[in-house]
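Here the structure comes first, spelled out in structure tokens, and everything after it is commentary.
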Amino acid sequence: SSLSFSQSNHQIKKIDSAQCAERRTNLNSTFGANKDIPSEIQIATLVALSYFPELISTNICFKKAEIKTSLNAQPKILSLLFRKKSKRKYIIRYADNDDSTKVLFKDASFNARVGVLAHELNHIMDFSSKNIFGVIGRGLSYASKKKKEKFEKKIDQMTIELGLGWQLYAWAVYILEGDTATEEYKEFKREIYLEPEEIMSALK
């Protein structure tokens, strides 16, 4: 079951990172199985995972990488050859290199991290529902900007419906209203993902 937090339509709902840190051991024993999580992102990752009971036994590795976006999720290619979807392995990579997007995951707030990690975990939910051809098809569809935009906004919507809309909002604000991301990257984010105002209106 997911962590529950007080909800009201008129104030920003933050997840208390200190409260979650106190529950680290319990969170890890419940949601940390088959997960390889760097200690620097452990608590935010476990909180995001707590919203995905379907992924409790799924093998997921989280790692820092030099990538051209903030984060990405994908199946480990060889594991797609397993007949059972439950045997697959996935990887979520996050950028912390200054020469990529100029957006460092470690500089985002706790809530923003939870929001974007939940977005990536929704991608894993999508992959895990598909056979190998469906996964390949999803990858190929990203060649179309229109299809990519439609699907990424759907993933954002799924994240909001999970109850993590304010966390997704915090991530969108961090990217678009902060002074670290390049203008080019901000423009890409505006085109492909829900903007803060769109997330806010979905929360009302």
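In the stretch 12-41, how many residues are closer than 22 Å to K64 by Cβ, part of a helix (DSSP H, G or I) and open to solvent by 30 Å² or more (accessible area, probe 1.4 Å)?
So the count comes out to 6.
Are there any pairs, at least 6 apart or on different chains, whose C-beta atoms fall under 8 Å, with the first in the stretch 14-39 and of a type in the set (D, E, K, R) and the second part of a strand (DSSP E or B), and if so, which?
Qualifying pairs under 8 Å: K35/N59; K35/I60; K35/C61; K35/F62; D36/I60; D36/C61; D36/F62; D36/K63.
Out of all the residues in the stretch 121-164, which are crowded, with 23+ Cβ neighbours inside 10 Å and of a type in the set (D, E, K, R)?
If the condition is that a residue be crowded, with 23+ Cβ neighbours inside 10 Å and of a type in the set (D, E, K, R), then D156 is the only one that fits.
Within the stretch 106-124, can one find any residue that is farther than 17 Å from T45 by Cα and within 17 Å of the chain's Cα centre (by Cα)?
no
Going by the structure shown, is K64 out of contact with any Asp or Glu (no Cβ under 6 Å at 6 or more places or on another chain) and either small (G, A, S) or without any contact (Cβ under 8 Å) to a residue 60 or more places away in the chain (or both)?
No.
Which pairs have Cβ atoms under 7 Å, sit 6 or more apart or on different chains, and link a residue in the stretch 139-151 that is within 16 Å of K189 (Cβ to Cβ) and charged (D, E, K, R) to one that is part of a helix (DSSP H, G or I) and open to solvent by 50 Å² or more (accessible area, probe 1.4 Å)?
Qualifying pairs under 7 Å: E149/E191.
Considering the stretch 170-185 alone, what residues qualify as being assigned to a helix (DSSP H, G or I), open to solvent by 20 Å² or more (accessible area, probe 1.4 Å) and free of Cβ contacts under 8 Å to residues at least 60 places away in the same chain?
Residues satisfying the conditions are L176, E177, E183, E184.
The values are calculated or read from the model by the stated rules, or taken from the named source; none is laboratory data. Bear in mind that the values here come from a model prediction, so they are computed numbers and not experimental data. Here Cβ is always computed from backbone atoms with ideal geometry, including for glycine, and neighbour counts include all displayed protein chains. For the accessible areas, the whole protein counts, side chains as well, though only heavy atoms, and no ligand, DNA or RNA atoms are used. Shrake-Rupley method; radii C 1.70, N 1.55, O 1.52, S 1.80 Å.
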